[in-house]
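Colleague: Can you keep this structure in mind? I'll have questions shortly.
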Amino acid sequence: MAYTHFILVCGGSACESSSSNAIYQRLLEEAAKQGVGDSVQIVKTGCFGFCEKGPVVKVLPEDSFYVEVKPEDAAEIISEQVIMGREVTRLLYNKEKKSREEVQEIQFYQKQLRVALRNCGFINPEDINEYIGRDGYLALEKALFEMKPEEIVEEIKKSGLRGRGGAGFPTGVKWETGMKAPGDTKYVVCNADEGDPGAYMDRSTIEGDPHSIIEAMIICGKAIGAHQGFVYIRAEYPLAIERLQIAMKQAQELGLLGTDILGSGFDFDIEIRLGAGAFVCGEETALLRSIEGLRGMPTPKPPFPAISGLWGCPTIINNVETCANIPVILTKGAQWFSSIGTADSKGTKVFALTGKVNNSGLVEVPMGTTLREIIFEIGGGIKGGKKFKGVQTGGPSGGIITEEDLDTPIDFGALTRLGSMMGSGGMIVMDEDDCVIDVAKFYMEFCVDESCGKCSPCRIGTRQMYTILDKISQGRGTMEDLEKLKDIGQAMKFSSLCALGQSAPNPALSTLKKFEAEYIEHIKDKKCAAGKCKKLISFFITDKCIGCTACARQCPSNCISGERKSQHLIDQTKCIKCGACEAACKFNAIIKK
């Protein structure tokens, strides 16, 4: 059937939560109602990446990029663009642009290079034929019929691909270890237990391109001699799980998964194992114990999983983004992939850009792109014209990077030298209104809750560091506390059993190094300039007050008094520092000190 138009509707979790399902249904209904149901194909895709402006709808062949679309816009998109051939200008990202709107012209996409996310936003993830139409499973065919296991491993080694889950270990070296490990039973595991606050790269990849993960796992199985794979994914990612299940069923029906794949004589099956949300299960040995039905707790290394993993058998573990790169490396070649990036880090990296940035979303850039380019060009700068303060990379395992290092090219080594890390790809931007003690305390509390408690440096150290940070945030800290933070943090880094405990001090240590003056201000001056530490702030009503009583009506502790049409007063002994009065005042008469 010949279609005049293709309408792509973002079906990622973020857009689905903003009514993209309703938009999709309304477009189908309007196309039928207006008599063009046979000439337009409407497809629900994965994430387009531009989450800040979702729901996103893209219309081909004009390449019209519509943002913040509502279900009621469906009728106009069909009548104006499909029938009349005119773009709906008010929905375009650049509303002043009267000519054709091309995605490549949008600043958010200009410096991006989509490799791992190559199919997200382009195909229906629930239709295997669309994946095949974009060279899907060609790499598997090549691996099964044209390459020996040693050749597959060598190609991955030549590509320079390093694990995208955080550690950055060379993928080809890991596969080679698994291939050479003795044993008739081996396993392949995809780690989709994405638990960093603010991170959603792996979830979105599975939602938008599940077949790339399946294909990569089978290729890995062929390379190392494994016939069974497991995808370990959080139960709270229902859309990703559903689309992965659909993809697995479709692959089995076409002979691409299961027994005698494509008549090659090679067997490979995949099972999904659901995680209960424990952050520590992102650590590979804890993840393996969880798959085995045991409590998810790390075990000492060596032996490494590639030698002794699931049930004591050689096991290769790669995260989702690492897997997504495998098929394209085999189809386009190791030389092509290694031509992207830096000497230390090849290829691209996907980041979840969030926080105080204008264009939040899913970003994929070549390694070597600077933080400044990501935050101020792709991200469009800081919201509200506020001053940039820092960016937290690597989530609770990473550290804060400040203005002076924004021009550092991003790769594994560079971020480590800055006191942070690549991590899985979370990137949270902070502005002048953020307090670094509050940020460090948030991440430390997260680590306290997520520590498995197996080793005392992490179990006790995270609690002690949180207690000190909380004490400082309440104005009860001492200068000796700063030395205690450093000492405990260093002890944890050197003696904790797994990467969670070893990296848990990073947010506190990096903020202490970069913003020591802010810590001292909290300790000596009993002041939080950002106004985040409630115990250190007070609200005052100025002479701008006209006595409208709006603040008093909103105050939950009844601490505001005063006659109507006269200046009011806040009883500081009763004030709970909630800020409701400041939010209620329309005359900017309430200040925070």
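The values are calculated or read from the model by the stated rules, or taken from the named source; none is laboratory data. Remember, predicted model here, so these are calculated numbers, not experimental data. Virtual Cβ from ideal backbone geometry, glycine too; neighbours counted across all protein chains shown. For accessibility, only protein heavy atoms count, side chains too; no ligands or nucleic acids. Shrake-Rupley method; radii C 1.70, N 1.55, O 1.52, S 1.80 Å.
Colleague: Let me check against my output: what whole-number percent is the relative contact order of region 444-593, with C-alpha pairs under 8 Å and at least 6 apart?
Modeller: Reported as a whole number, the value is 20 percent.
Colleague: First measure r as the distance between the Cβ atoms of T549 and K574, then evaluate 1/(1 + (r/R0)^6) with R0 = 22 Å and state the FRET efficiency to the nearest 0.05.
Modeller: 0.80
Colleague: State the label only: which of (1) 26.1; (2) 27.5; (3) 24.2 corresponds to Kirkwood radius over Cα pairs in Å computed from the shown model?
Modeller: Correct label, based on the coordinates given: (1).
Colleague: Using a cut-off of 10 Å between beta-carbons, work out the net charge of the residues near A504 (Lys and Arg +1, Asp and Glu -1, A504 not included).
Modeller: Result for the local shell: 0.
Colleague: Then there's this: Roughly how many percent of the accessible protein surface of region 297-363 is carbon and sulfur, given a 1.4 Å probe and a whole-percent answer?
Modeller: That share works out to 59 percent.
Colleague: For region 286-379, just say rounded, prolate or oblate: build the C-alpha gyration tensor, square-root its eigenvalues into a ≥ b ≥ c, call rounded for a/c under 1.5, and beyond that prolate if a/b exceeds b/c, oblate if not.
Modeller: Taking the square roots of the gyration eigenvalues as a ≥ b ≥ c, region 286-379 is oblate.
Colleague: Can you run phi through the Karplus equation (6.51, -1.76, 1.60; θ = phi - 60°) for region 105-122 and list ³J(HN,Hα) in whole Hz, with x for Gly and Pro?
Modeller: 7, 6, 4, 4, 9, 4, 9, 8, 9, 8, 10, 5, 9, 4, 9, 5, x, 10
Colleague: Determine the shape class of region 195-300: with a ≥ b ≥ c the square roots of the Cα gyration tensor eigenvalues, call it rounded for a/c under 1.5, and otherwise prolate if a/b is greater than b/c, oblate otherwise.
Modeller: Oblate.
Colleague: Now for a different question. For region 406-528, what % of the accessible area comes from carbon and sulfur atoms, probe 1.4 Å?
Modeller: Answer for region 406-528: carbon and sulfur cover 51 percent of the accessible area.
Colleague: Take every Cα pair under 8 Å in the chain that's 6+ residues apart, average their separations, divide by the length, and report that relative contact order as a whole percent.
Modeller: Contact order relative to length: 11 percent.
Colleague: Nearest 20 debye, what's the magnitude of the dipole of region 242-290 about its Cα centre given +1 on Lys and Arg Cβ and -1 on Asp and Glu Cβ?
Modeller: It comes to approximately 180 debye.
Colleague: Sticking with this structure for a sec: Using each residue's phi in region 59-74, evaluate 6.51 cos²θ - 1.76 cosθ + 1.60 at θ = phi - 60° and report the 3J(HN,Hα) Karplus result to the nearest Hz, with x for Gly and Pro.
Modeller: Result, rounded to whole Hz: 10, 10, x, 5, 6, 6, 10, 9, 10, 6, 6, 10, x, 6, 7, 4.
Colleague: Hey, what's the chain come to in accessible area per residue, 1.4 Å probe, Å²?
Modeller: Per-residue accessible area for the chain comes out at 41 Å².
Colleague: When the helix-only estimate is applied to the chain (DSSP H runs of n ≥ 4, each -39,500 (n - 2.57), divided by the residue count), what is the mean residue ellipticity at 222 nm, nearest 500 deg cm²/dmol?
Modeller: -10000 deg cm²/dmol
Colleague: Follow-up. At a 1.4 Å probe radius, carbon and sulfur cover how many percent of the accessible area of region 1-115?
Modeller: Of the solvent-accessible surface of region 1-115, carbon and sulfur hold 48 percent.
Colleague: For labels at A491 and K301 in the simple 7 Å Cα→Cβ model, what's the distance in nm?
Modeller: Result for the modelled spin labels: 2.6 nm.
Colleague: If you don't mind, another one. At what distance in angstrom do the alpha carbon centres of region 159-184 and region 500-574 lie from each other?
Modeller: Cα centroid to Cα centroid, the span is 50 Å.
Colleague: Oh, and also: Could you order peptides 32-42, 307-317 by the average number of other Cβ atoms within 10 Å of their residues, highest first?
Modeller: 307-317, 32-42
Colleague: Can you give the local net charge around R134? Use residues other than it whose beta-carbon is closer than 13 angstrom to its beta-carbon, Lys and Arg +1, Asp and Glu -1.
Modeller: -2
Colleague: For the charge dipole of region 1-121, defined by +1 on Lys and Arg C-beta atoms and -1 on Asp and Glu C-beta atoms about the Cα centroid, which residue among Q25, V40, L117 has the Cα displaced farthest towards the positive pole?
Modeller: L117
Colleague: About its Cα centre, how strong a charge dipole does the chain have in debye, to the nearest 20, once Lys and Arg get +1 and Asp and Glu get -1 at the Cβ?
Modeller: Charge dipole of the chain: 2240 debye, to the nearest 20.
Colleague: Place +1 on the Cβ of every Lys and Arg and -1 on the Cβ of every Asp and Glu in the chain, take the dipole about the Cα centre, and give the residue among I590, M492, F412 whose Cα lies farthest towards its positive end.
Modeller: I590
Colleague: Just add up the charged neighbours of K592: K/R +1, D/E -1, any other residue whose Cβ is under 12 Å from the Cβ of K592.
Modeller: Net local charge, K592 excluded: +3.
Colleague: Using the basic label-point model (7 angstrom from Cα toward the beta carbon), what is the D269 to K158 distance in nanometres?
Modeller: 3.5
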